Amino acid sequence: MTAPHRQASPRRGAGLRREAVLATVPVAVAALLAAAGPASAGTIGASGAGDPYFPLSGNGGYHVKHYDLTLRYDTTSRHLDGKAVLTVRATQKLTRFDLDLKGLKVTGVKVDGTAAGFRRDGQELVVTPRHALRKDQEFRVTVTYNGTPKAVTDPDGSADGWIRTDDGAFVAGEPQGAMTWFPGNNHPKDKSSYDFTITVPKGRTAVANGVLRGQHTANGRTTFRWHQAEPMAAYLATATVGKFKVEQYTTSDGIQVYNAVDAREARAAAPVLKKLPSVLKWESKLFGPYPFRAAGSIVDHAPDVGYALETQSRPLYDSAPDVSTLVHESAHQWFGDSVSLTAWKDIWLNEGFATYAEWLYSEQHGGDSAQKSFDALYARPASDHLWAFPPGDPGSGKNIFDTPVYARGAMALHELRQAVGDQDFFTILRAWATEHRAGHGTTAQFVKLAERVSGKDLDGLFHTWLYQQGKPNKA
Ligand code: ARG
Ligand code: ZN
């Protein structure tokens, strides 16, 4: 975490492996199979959200409005006890639906207080309620579960989910890992509010998203209650546990800051975390008001993780970040967290934007200009890995955190800026964050917005920078 120029380096695990090709069961096939059941045709929620990169992530047939998660983690035995109460709305008639949950033991499932049938099928927890649920019906699902959570290995070789550390757990769920610690609808298409009640041994701190509602110690344990009001994708939820030094304050803009820092990282982290209010202020000027009422950082000591994550309202770092990384994860609060993906293929909308925010920060704080960052990358030969695939179409889940997404994604934005000029460019960035705030956005919508603001036909530019194979020629 000491390299001065991280712009071109994606924040992912070092253990990149290249052998894994996703065994894809296209969701259309899954849907056909589901629909084939003669008695219940059309009333079974799909096992996936329709994302070809992660076909089983998320589910069909419902929207989770709210998660109420009650967790107890024993940092010695590594045992997790969990109870999840989901407030759900059916988007179709449902005689059966899936939640995503990987590992752990489920001891009971209730729907509206009545015991429901359930079975495990890989990462699917298949729930059969006693009575069919009507389209638009609101209902509650209660799942009790326990066990030793285990991280998943992503197609790129990195670990994701509940990652144990020497003093607790580093809990980061992008793209798949939320299902390693709570049952839910594990795809960014579905966003929900959250409550967390997390009990850990006294002396440890459990840090989740949003504002701290309360904390009390009894019988050698401390319980932390967190509330995340603004809608959040499951992968951005955290319940990181460790021995942390805690700092709390409110910024001049009324944002409630909560920082939790592992003592081993405290000295290196301090000067960087001090900049958080000014970074958020600077980003608010560029991108529009900060989208959440809470902010902060979790700086863990998790040397095997190899990446940071923009956990909503409170980014999570595996070690003390540099300023560029703080700027990157903070920019994600607008781009990725408030404005969410509808498909992992569009990941450049998160990573290209957060990387470009680093370039802009440097440019406006006495460092290299964005043009210089662009030029340094463009100078790389056609054989360089930077040009291995186009950022708008990474091809599979294995590539979503790879250099072309981050660096060429940022280059695409720089080319847009060159084409439309600074005034329209910054109007576009701000309009994107404002118009899709607390919602979703697709690449097609971004292109449309850029064309609307600038009055220019930008299809050629975006085609070249987002979709064309190989190193683009300069116009
Ligand atoms: N979104 C994170 C960042 O760029 C990277 C997450 C990488 N996750 C992973 N499983 N490799 O800040
Ligand atoms: Zn990022």
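The values are calculated or read from the model by the stated rules, or taken from the named source; none is laboratory data. Not measured: the values here are computed from a predicted model. Backbone-built Cβ (ideal geometry, glycine too); neighbour counts: all protein chains shown. Side chains included, ligands, DNA and RNA excluded: accessible areas come from the protein's heavy atoms. Shrake-Rupley method; radii C 1.70, N 1.55, O 1.52, S 1.80 Å.
Tabulated values for the structure
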{"read-out": "Separation of the ASP368 and ALA431 label points, Cα + 7 Å toward Cβ, nm", "value": "3.1 nm"}
{"read-out": "Pair-distance profile P(r), taking every C-alpha pair of the chain, with 20 angstrom steps and integer %", "value": "25, 57, 18, 0"}
{"read-out": "Magnitude of the charge dipole, the chain, Cβ model with Lys/Arg +1 and Asp/Glu -1, debye to 20", "value": "1240 debye"}
{"read-out": "Summed side-chain charge close to PHE182 - residues other than PHE182 whose Cβ falls under 11 Å, Lys, Arg +1, Asp, Glu -1", "value": "0"}
{"read-out": "Cα centroid of the range 93-145 to Cα centroid of the range 323-377, whole Å", "value": "39 Å"}
{"read-out": "Probe 1.4 Å, accessible area per residue of the chain, Å²", "value": "38 Å²"}
{"read-out": "Unsatisfied cross-links (Cα-Cα over 28 Å) in the set LYS448/LYS474; LYS65/LYS456; LYS189/LYS275; LYS65/LYS285; LYS285/LYS372", "value": "LYS65/LYS456; LYS189/LYS275; LYS65/LYS285"}
{"read-out": "Rounded percent of accessible protein surface that carbon and sulfur make up, the chain, 1.4 Å probe", "value": "51 percent"}
{"read-out": "Segment ASP375-ALA270, length gained on full extension (0.36 nm per residue, minus Cα span)", "value": "34.5 nm"}
{"read-out": "Inter-label distance for HIS216 and LYS456, nm, one decimal - labels placed 7 Å from Cα along Cα-to-Cβ", "value": "6.0 nm"}
